[in-house]
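Chemist: Pasting a structure below so you can have a look.
The values are calculated or read from the model by the stated rules, or taken from the named source; none is laboratory data. This one's a predicted model, so the numbers in the text were calculated from it and none came from an experiment. Note that each Cβ is placed from the backbone with ideal geometry, even for glycine, and that neighbours are counted across all protein chains shown. In case anyone asks, the SASA skips ligands and DNA or RNA and just uses the protein heavy atoms, side chains included. Shrake-Rupley method; radii C 1.70, N 1.55, O 1.52, S 1.80 Å.
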Amino acid sequence: MDDDLNLTIITLGGHVEVNKYRYVYFFIIFIIYLLIICCNLTIVYLIWKHKNLHEPMYVFIAALLLNCVLYSTSVYPKLLIDFLSENQVISYSACLFQFYVYYTFGPSEFLLLSAMAYDRYVSICKPLQYPTIMTKTTVSIFLFVACLLPACQTLVPVILSAKTKLCSSTLKAIFCNNAIYRLQCVTSRIITIFGVVALLDVTILPMLFIIFTYTKIFIITYRSCKEVRKKAAETCLPHLMVLISFSILSAYEISIARVESNLPKSVRLIMMLQIVLYQPLFNPLIYGLKMKEISKHLKRLFLPANKV
């Protein structure tokens, strides 16, 4: 390999026996992707259509589910193309773009969950002040920050990576994640610093904020009447389930992308697919079943004769 040549075509080396099982892979992933789109957008549509769901809590849920669709779209279409292709390759510029989209919409989920935690905190702990605190302006600011902050922070490592020389052309993954840094001849200190900062302010700090707000909620509800505790359980439990699930998957993603592993390729493939499979399907399932008002509208949509 010529040391002066900066490689532009990346081989996605995480695939397993694509030539043998390409149509099986394609069919399974295509069905999963359709389910993700239909399940998430159905609930988004219900929230948009029904005025009684035009409240901050449901607006944040709609934003979260729409974010799931965009997050999945950063990975699934390319996967489907790869399954039907003789060679699973991607240009370095396209790889960086996929990396950018993936790490923009992924961290946005933490920030949206933080906004939802704050909304529940104000609703339960300061109910009289809720209309004046959670205004349309406040909700818009939360949504704007949740979209803009990860997008800006991910942009800097992408720009720096685009100018970095590569010493390898094989990525041990099925899509472009943090493993792209292993392709670089020298790891940039600035990229490392930005990675730590991004981990801090779009993951760790939001997590600490969520823990703080839910601790306050639990203290208040413990001292309150049964009705308040019931309301807290109905509206907070789905958020907590989504948060715990996403936190585990995020830690999972970081560990397999950053840490070298001697696991068989088939095991690594399954692990990579789990990251982009569970959460986009788990979120609409939880909110559709556990949020009373959304569940009611879902029943009316799919069971018109049901007057629930």
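Chemist: Within the bounds of segment 231-238, is there any residue that is more than 26 Å from the chain's Cα centre (by Cα), in a helix (DSSP H, G or I) and either of a type in the set (Phe, Trp, Tyr) or surrounded by fewer than 18 Cβ atoms within 10 Å (Cβ to Cβ) (or both)?
Modeler: Initial filter on segment 231-238 (more than 26 Å from the chain's Cα centre (by Cα)): 231.
Adding the requirement that they be in a helix (DSSP H, G or I) leaves 231.
Filter once more, so that each one left must be either of a type in the set (Phe, Trp, Tyr) or surrounded by fewer than 18 Cβ atoms within 10 Å (Cβ to Cβ) (or both): 231.
Yes.
Chemist: Answer yes or no as to whether Ile191 is aliphatic (A, V, I, L, M) and in contact with a Leu (Cβ under 6 Å, 6 or more places away or on another chain).
Modeler: On the way: aliphatic (A, V, I, L, M): yes; in contact with a Leu (Cβ under 6 Å, 6 or more places away or on another chain): yes.
Taking the combined requirement at face value, the residue satisfies it.
Chemist: Does Tyr76 qualify as being touching a Ser or Thr at 6+ places or on another chain (Cβ under 6 Å) and touching a residue at least 60 places away in the same chain (Cβ under 8 Å)? Step through it out loud before you land on a result.
Modeler: Working: touching a Ser or Thr at 6+ places or on another chain (Cβ under 6 Å): no; touching a residue at least 60 places away in the same chain (Cβ under 8 Å): yes.
No.
Chemist: Right, something else. Assigned to a helix (DSSP H, G or I) and either open to solvent by less than 50 Å² (accessible area, probe 1.4 Å) or modelled with pLDDT of 90 or more (or both): does that describe Ile36? I'd like the intermediate steps shown before the answer.
Modeler: Working: assigned to a helix (DSSP H, G or I): yes; either open to solvent by less than 50 Å² (accessible area, probe 1.4 Å) or modelled with pLDDT of 90 or more (or both): yes.
Yes.
Chemist: Taking the conditions exactly as written (more than 30 Å from Arg22 (Cβ to Cβ), open to solvent by less than 50 Å² (accessible area, probe 1.4 Å) and in contact with a Gly (Cβ under 7 Å, 6 or more places away or on another chain)), does Pro157 satisfy them or not? If you could, list the steps in order and put the result at the bottom.
Modeler: Details: more than 30 Å from Arg22 (Cβ to Cβ): yes; open to solvent by less than 50 Å² (accessible area, probe 1.4 Å): yes; in contact with a Gly (Cβ under 7 Å, 6 or more places away or on another chain): yes.
Yes, satisfied.
Chemist: Somewhere in segment 56-78, is a residue open to solvent by 40 Å² or more (accessible area, probe 1.4 Å), outside any strand (DSSP E or B), polar (S, T, N, Q) and at pLDDT 90 or above? Break it down stepwise before answering.
Modeler: We begin by selecting, within segment 56-78, every residue open to solvent by 40 Å² or more (accessible area, probe 1.4 Å); these are 59, 66, 70, 73, 77-78.
Filter once more, so that each one left must be outside any strand (DSSP E or B): 59, 66, 70, 73, 77-78.
Those still in the list that are polar (S, T, N, Q) too: 73.
Subset that is at pLDDT 90 or above: 73.
Within segment 56-78 (the criterion being open to solvent by 40 Å² or more (accessible area, probe 1.4 Å), outside any strand (DSSP E or B), polar (S, T, N, Q) and at pLDDT 90 or above), the answer is yes, since at least one residue qualifies.
Chemist: Something else now. Quick one: Val16 ticks every box in (1) part of a helix (DSSP H, G or I); (2) more than 17 Å from the chain's Cα centre (by Cα) except a single one, so which number is it?
Modeler: Looking at each condition in turn, Val16 falls short on (1).
Chemist: Can you tell me which condition Ser169 does not meet? The list is (1) open to solvent by 10 Å² or more (accessible area, probe 1.4 Å); (2) in contact (Cβ under 8 Å) with a residue 40 or more places away in the chain; (3) within 30 Å of Lys216 (Cβ to Cβ), and all the others hold.
Modeler: Every condition holds for Ser169 apart from (3).
Chemist: For residues that are buried (at least 19 other Cβ atoms within 10 Å of the Cβ) and under 30 Å from Leu84 (Cβ atoms), tally how many sit in segment 180-199.
Modeler: 2
Chemist: OK, next. Every residue in segment 115-166 that is more than 24 Å from Ile220 (Cα to Cα), in contact (Cβ under 8 Å) with a residue 12 or more places away in the chain and β-branched (Val, Ile, Thr), please.
Modeler: The answer is Val145, Thr154, Val156, Val158, Thr164.
Chemist: Can you tell me which of Phe194, Phe142 is at pLDDT below 90 and farther than 30 Å from Val267 by Cβ? Can you show your working first?
Modeler: Working: Phe142 fails: at pLDDT below 90.
Testing whether each residue is at pLDDT below 90 and farther than 30 Å from Val267 by Cβ leaves just Phe194.
Chemist: Okay, moving on. When you check Ser140 against the structure, is it polar (S, T, N, Q) and within 30 Å of Leu183 (Cα to Cα), yes or no? Please lay out each step first, then the result.
Modeler: Values: polar (S, T, N, Q): yes; within 30 Å of Leu183 (Cα to Cα): no.
So Ser140 does not fit the description; no.
Chemist: Only one of Leu155, Leu166, Leu149 is closer than 20 Å to Leu65 by Cα and touching a helix residue (DSSP H, G or I) at 6+ places or on another chain (Cβ under 8 Å). Can you tell me which?
Modeler: Working: Leu155 fails: closer than 20 Å to Leu65 by Cα; Leu166 fails: closer than 20 Å to Leu65 by Cα.
The conditions single out Leu149.
Chemist: Going by what's in this entry, would Lys230 be described as at pLDDT below 85, within 30 Å of Asp82 (Cβ to Cβ) and charged (D, E, K, R)? Steps first, please.
Modeler: Values: at pLDDT below 85: yes; within 30 Å of Asp82 (Cβ to Cβ): no; charged (D, E, K, R): yes.
Answer is no for this residue.
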